[in-house]
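The values are calculated or read from the model by the stated rules, or taken from the named source; none is laboratory data. Predicted, not measured: the structure shown is a model, and the values here were computed from it. Cβ placement follows ideal geometry from the backbone for every residue including glycine, while neighbour counts extend to all protein chains displayed. These area figures cover heavy atoms from the full protein model, side chains too; ligands, DNA and RNA do not enter into them. Shrake-Rupley method; radii C 1.70, N 1.55, O 1.52, S 1.80 Å.
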Amino acid sequence: QVQLVESGGGLVQAGGSLRLSCAASGRIFSINRMGWYRQAPGKQRELVATITSGGSINYADSVKGRFTISRDNAKNTAYLQMNSLKPEDTATYYCHALVRVNVAVNYVEVWGQGTLVTVSS
């Protein structure tokens, strides 16, 4: 079984910074894409940023220039550096990964439990 454990959320003032981490553990053969999604109260979950094992990156327009996603493949860990935070960034942030447990099976989706980010004005 594969688990994703997020950390780094919290309360920050507008204009501040936070760094989220997502560590994958368990029976892992390989991880393709890792990413971050967020869900604000009363809203649908939305993409924030993704990064492939080869380093290809995609950002939501709302976070471009403020957030940076990175990844340590050796540690099966992804990071999200969030700068210039705005109140509208307030949400629960979820880590997501496409994981293969052995060479004979396809990639499966795995989600973390979420970490709350609150940005005060």
Revision key, fill the gap. Given 101-112, 63-74, the highest-first ranking by average Cβ count within 10 Å works out to 63-74, 101-112
Check your understanding: In the chain, what percent of the accessible surface is made up of carbon and sulfur (1.4 Å probe, ligands and nucleic acids excluded)?
Key -> 47
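What net charge is computed for the residues neighbouring Ser53, neighbours being all others with C-beta under 15 Å from the C-beta of Ser53, Lys and Arg scored +1, Asp and Glu -1?
Working: positive: Arg33, Arg71, Lys75, Arg100; negative: Asp72.
Neighbourhood net charge equals +3.
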Review point. At a Förster radius of 30 Å, what calculated FRET efficiency corresponds to the Cβ-Cβ distance of Ser25 and Asn106, to the nearest 0.05?
Key: 0.90
Check your understanding: Put a dot 7 Å past each Cα toward the Cβ at Lys86 and Arg66; how far apart are the dots in nm?
Key -> 0.5
Exercise for review: Under 28 Å Cα to Cα from Lys75, which lysines show up? Leave out anything in the same chain fewer than 8 places away.
Suggested key: Lys64
Point to revise | Whole-number accessible area per residue in Å² for the chain, which is evaluated in the context of all protein chains at 1.4 Å | key: 53
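May I ask you to order 18-31, 45-58 by the average number of other C-beta atoms within 10 Å around their residues, highest value first?
Numbers: 18-31: 16.9, 45-58: 15.1.
Final packing ranking: 18-31, 45-58.
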